[in-house]
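The values are calculated or read from the model by the stated rules, or taken from the named source; none is laboratory data. In this text the structure is predicted, and so the values were computed from the model without any measurement. A quick note on method: Cβ atoms are made from the backbone with ideal geometry, for glycine too, and the neighbour counts reach across all protein chains shown.
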Amino acid sequence: MDSSSDLGAPDFYQEIVFVKSLARKLNTDVSPSEFQAAVIAYGENNYPVVLFDSYNSMPEFYSAVDSSRYQGGARRMDRALDAASKMMSSREPTSKKTIVLLTGGQNSQKAGLDAIDRSVQRLKQMGANIIIVAFGKKYDVQELLPAVQQEQDIRSVPRASDLVSYLNLIASYITSGPGGKEYKLA
C-alpha cells in the first residue's frame, strides 16, 4: 500500500478499504486453504502490516490492515518490492505467487532510473506475477513496465476513491490471469 506524502491520509484510507475488500473477495473466490496474504505499506521506508501466517482468521487480517499507519515521505516502490521479495522467499518455492502493488504516482527520483527494474528481478526469478494497480494521474506507465510481464498487468484506476469500484475487475484479473495460490498485497 502506497503511504507516501503525495497521497495523503484520505487516499491511504481508501487503499485500506480496497485491500480488505480484495482479500475478502479473493478469500471467497479462491479456496481459503489456498489463499494467503501479506501486506506491506511503503513511503520512504516500508513496514509489514500483515505477515504470512500471522493471522488465524480474516477478521484478524482486517484488524491488522485497519491498524496500518500512514507514514508519508518519498514514494519508494523499489523498496516495497524488495521487501515483498524477502517475504516471498520464505514461501514454498513451487507455490503460485502474485504481488499486487498499489501506487498513486512515480517512484522517488532518489531511487535512480532503474530501481524498480532491479527490485523485481528476484521476484521474477521466483516466478512471481506482478500486478500494479495505479490510481490517479501522477504515475508513469513507462516507469512501471519493467516490473510486469505485459502492459495489461498495470491496472489503471482514476482515483483512490474509485479503487473499490474496480474491485471485481481487479480480482477477476488476479484469479484468471496468474491463477495463484498465494497473494501478496503490497
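Here are the numbers for this structure:
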quantity	calculated
Any chance Ala83 is over 22 Å from Ala23 (Cα atoms) and surrounded by 16 or more Cβ atoms within 10 Å (Cβ to Cβ)	no
Filter result (among the small types (Gly, Ala, Ser) and in contact (Cβ under 8 Å) with a residue 24 or more places away in the chain) within the stretch 61-74	Ala64, Ser68, Gly72, Gly73, Ala74
Leu102 vs. criteria without any contact (Cβ under 8 Å) to a residue 60 or more places away in the chain and under 17 Å from the mean Cα position of the chain (by Cα)	no
Of all residues in the stretch 38-70 being of a type in the set (Phe, Trp, Tyr) and part of a strand (DSSP E or B), the one that is modelled with the lowest pLDDT	Tyr47
Qualifying residue in the stretch 124-137 (condition: buried (at least 16 other Cβ atoms within 10 Å of the Cβ) and farther than 20 Å from Ile174 by Cα)	yes
Any hit, the stretch 46-60, residues being farther than 19 Å from Asp140 by Cα and in contact with an Asp or Glu (Cβ under 7 Å, 6 or more places away or on another chain)	no
Arg91 among the basic types (Lys, Arg) and more than 16 Å from the chain's Cα centre (by Cα)	yes
Criterion: in contact (Cβ under 8 Å) with a residue 40 or more places away in the chain and more than 20 Å from Asn107 (Cα to Cα) - qualifying residue of Met58, Met77, Met1, Met87	Met87
Helices (runs of 4 or more DSSP H) lying entirely in the stretch 85-186 (those with 2 or more residues that are at pLDDT below 90)	167-176
Which listed residue is in a helix (DSSP H, G or I), within 14 Å of Leu102 (Cα to Cα) and either of a type in the set (Lys, Arg) or modelled with pLDDT under 90 (or both), from Lys25, Lys20	Lys20
Check on Arg79, in contact with a Phe, Trp or Tyr (Cβ under 9 Å, 6 or more places away or on another chain), among the basic types (Lys, Arg), closer than 18 Å to Tyr42 by Cα and part of a loop (DSSP other than H, G, I, E, B)	no
